[in-house]
Amino acid sequence: MKTRGETITEDAKHTLHKLRVLTHQSFSRADLSALIEPFTSRLEYYLKSVVFPTMSRRMGLNDLIDNLSSLGLAAPHVTSLHTLRQLYNKSKHDPDVDLTSQECIRSFEAAVVALRAITTLGITSIDAPQEPSFNTVVYVGFWDHYVGGETEVGLFLPSNHWMGTTPISTFHLHWTSWDHLKPALADHPRYSRGEEALSSTLWKSFSDEGDFLDAGVWEGDVRELLELLSTHNDESLEEAVIPFLARRNNLISVGIALVSAAVDTVRAIPTATEADLRDGISERAKTEYAAEVQTPHGQMILDSVINCVESIPHNERAAISGPAFRIYSKEEDGELDVPIKLAGTTLTWLVS
């Protein structure tokens, strides 16, 4: 099985191959961008989730690349990844500036060498096996509440329920955050917005509810989506809403935040003690995933998450992933106080 480091390196090589094949016929600037931008987005998430799993999610690609020097990556390789970052920025933000195929090819050739060099640094989370690729389809809805100056965000899984959805999380944003969040989502290769992405039936259901703002569909690692939204969550607004609507009182919201924090913490320190796991997961859930753990059900979920982690042998813990979602089966899963189970090294949340 390939390691995580080998997988991202292979992705870069595959993109490089596509760039070379592109030159076998006429092509547009958009054709180059369609290869450069998705890969560089994957690279940024790789650095955040694998190379630096416990750094702040607010850290941008420039600082992530700079921090590779602290791990022992040679300066020329750091420079190569910055060159790719600059190429991405030019592709995305300077549409009137030409891109040349040779510039793109040279940049990816150097990036492949740099990514291969990162795999030699002896970092446990990089050397761990690449987990199966679990994508999750999440419907994302936004509603404004003008009186409180709040934008409510709801995350939903597709469902056979008569509404067509199963809620899995909520966030409460100051209404001005939309100006920052909208472009971040619109530019993300995992997100599609609008009625066409959501389907006319679901779009109508969302838009008929309250002061509807927008909606879209995320398809990818749900942890990455939680990171994007958590940055904008406003705790003071959350405390002002009706208690049963508050994020801190929502079992699934807190649960998948704790699972996400556990994945980050365990990848960084696979040999952490139970006490260190408890402290690390609690802090990260609060600071990076906007989840209040110091509640009775928060502690109950944390206990279940730690029990799952502790059942993974130390030499396999760096391969941990999640959250993944699976339909709950009473026959298969029995009665559970917290609907979480371990599938291999994947933390799975069970939904009804």
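The values are calculated or read from the model by the stated rules, or taken from the named source; none is laboratory data. Everything numeric here is computed off the predicted structure, so don't read it as measured data. Note that we place each Cβ from the backbone using ideal geometry, even for glycine, and neighbour counts take in every protein chain shown. We work out accessible area using only protein heavy atoms, side chains counted, and drop any ligands, DNA or RNA first. Shrake-Rupley method; radii C 1.70, N 1.55, O 1.52, S 1.80 Å.
The angle separating the long axis of helix 274-289 from the principal Cα axis of greatest extent in the chain is about 80 degrees.
The P(r) of the range 200-352 has a tail past 20 Å containing 53 percent of all C-alpha pairs. Note on exposure: 300, 1, 55 ranked by accessible area (1.4 Å probe, complete protein assembly) read 1, 300, 55, with the most exposed listed first.
The Cβ shell under 15 Å around residue 77 holds other residues with a net charge of +1, Lys and Arg each +1, Asp and Glu each -1. Within 10 Å, at most 14 other Cβ atoms, and a DSSP state outside H, G, I, E, B define an exposed site. Report the longest part of the chain free of exposed GluC sites (Glu not before Pro). No qualifying site falls inside 1-208, the longest such stretch. Accessible surface of the range 140-256, 1.4 Å probe: 53 percent of it comes from carbon and sulfur atoms.
For the range 8-138, what % of the accessible area comes from carbon and sulfur atoms, probe 1.4 Å? Answer for the range 8-138: carbon and sulfur cover 51 percent of the accessible area. Heavy-atom accessible area with a 1.4 Å probe sorts 271, 83, 166, largest first, into 271, 83, 166. Over the chain, the pair-distance histogram of Cα-Cα distances with 10 Å bins from zero comes to 5, 23, 31, 26, 13, 2, 0 percent, rounded to whole numbers. Here residue 13 is the anchor, and the lysines within straight C-alpha reach of less than 17 Å, apart from those fewer than 8 places off in the same chain, are 2. Of all lysines in the structure, the ones whose alpha carbon falls short of 22 Å from that of residue 204, not counting any fewer than 8 places away in one chain, are 182. For the chain, the longest principal axis of the Cα atoms and the long axis of helix 296-310 meet at an angle of about 50 degrees. Counted over the range 254-352, the DSSP beta bridges are approximately 45% antiparallel. Take the chain with all the other protein chains still there, run a 1.4 Å probe, and you get 46 Å² of accessible area per residue. For the chain, adding -39500 (n - 2.57) for each run of n ≥ 4 DSSP H residues and dividing by the number of residues yields -15000 deg cm²/dmol at 222 nm.
Short-range pairs are left out: with C-alpha atoms under 8 Å and at least six residues apart, the relative contact order of the range 1-120 is 40 percent.
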